[in-house]
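Chemist: Encoded as structure tokens, here's the structure I'll be asking about.
What follows draws every value from the coordinates through simple rules; no lab data is involved. Predicted model, so just to flag it, every value in this text is computed and none were measured. All Cβ positions, glycine included, derive from the backbone under ideal geometry; neighbour counts span all protein chains shown.
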Amino acid sequence: MTKVIAITKAEYKGNFMIELQFSDDSMKVVDFKSFLEESKNPMTKKYLVESNFKKFRLAYGDLLWSDYEMCFPIWDLYTGKICE
């Protein structure tokens, strides 16, 4: 049986890094700064403003901003390899 991985907890650590806890109890600190700086999407660029970036939330095991304006595949977050 395949185990579904979900995000169970997310805590902002500063400097565009978020510590994520997953349903298998593993933890990963993901650094979003390079992704945001290199993004060409103006909707994504607004999250380089720290007050906007810190407004993330968890919904159904996903990490997201606004109404899915910015979100990432859970597996990418689990491995710590995010890309645009």
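Chemist: Can you compute the helix-only [θ] at 222 nm over the chain? Use -39500 (n - 2.57) per DSSP H run of at least 4 residues, normalise by all residues, nearest 500 deg cm²/dmol. If you can, show how the numbers build up before the last one.
Modeler: Details: 4 runs with 20 residues, N = 84.
It comes out at -4500 deg cm²/dmol, rounded to the nearest 500.
Chemist: Could you size up the charge dipole of the stretch 7-79 around its Cα centre, putting +1 on the beta carbon of Lys and Arg and -1 on that of Asp and Glu, and report it in debye to the nearest 20?
Modeler: Numbers: 10 positive and 12 negative charges, 58 e Å.
Result for the stretch 7-79 is approximately 280 debye, rounded to the nearest 20.
Chemist: Sticking with this structure for a sec: List the pairs from Lys3/Lys55; Lys3/Lys40; Lys54/Lys81 whose alpha-carbon separation is above 25 Å, in the order I gave them.
Modeler: Details: Lys3/Lys55 29 Å; Lys3/Lys40 34 Å; Lys54/Lys81 20 Å.
Pairs exceeding the cut-off: Lys3/Lys55; Lys3/Lys40.
Chemist: Using the Cα centre of the chain as origin and beta-carbon charges of +1 (Lys, Arg) and -1 (Asp, Glu), tell me which of Ala6, Gly61, Phe16 is placed farthest towards the positive end of the dipole.
Modeler: Phe16
Chemist: Continuing with the same structure: Specify the longest stretch of the chain that does not include any exposed loop site, a site being one of the chymotrypsin sites (Phe, Trp or Tyr not before Pro) with a non-H, G, I, E, B DSSP assignment and at most 10 other Cβ atoms within 10 Å. The partial results should precede the final answer.
Modeler: Details: sites that count: Tyr60, Tyr68.
My reading of the result: 1-59 is the longest stretch.
Chemist: Using DSSP to call loops (not H, G, I, E or B), can you name the GluC sites (Glu not before Pro) in the stretch 38-71 whose Cβ has at most 15 other Cβ atoms within 10 angstrom? Don't skip to the answer; put the middle values down first.
Modeler: Values: sites: Glu38, Glu50, Glu69; in loops: Glu69.
Passing both the DSSP loop test and the Cβ count: Glu69.
Chemist: Restrict the search to the stretch 37-84; then list the trypsin sites (Lys or Arg not before Pro) that DSSP places in a loop and that have at most 13 other Cβ atoms within 10 Å of their Cβ.
Modeler: Numbers: sites: Lys40, Lys45, Lys46, Lys54, Lys55, Arg57, Lys81; in loops: Lys40, Lys54, Lys55, Lys81.
Passing both the DSSP loop test and the Cβ count: Lys40, Lys54, Lys55, Lys81.
Chemist: Right, another one. Please turn the phi angles of the stretch 64-77 into ³J(HN,Hα) values with the Karplus equation 6.51 cos²θ - 1.76 cosθ + 1.60 (θ = phi - 60°), one per residue in order, whole Hz, x for glycine and proline.
Modeler: In residue order, the calculated couplings are 8, 10, 6, 9, 6, 5, 9, 8, 9, x, 4, 4, 4, 5 Hz.
Chemist: How high is the FRET efficiency from Asp25 to Lys54, r the C-beta distance, R0 25 Å, rounded to 0.05?
Modeler: 0.50
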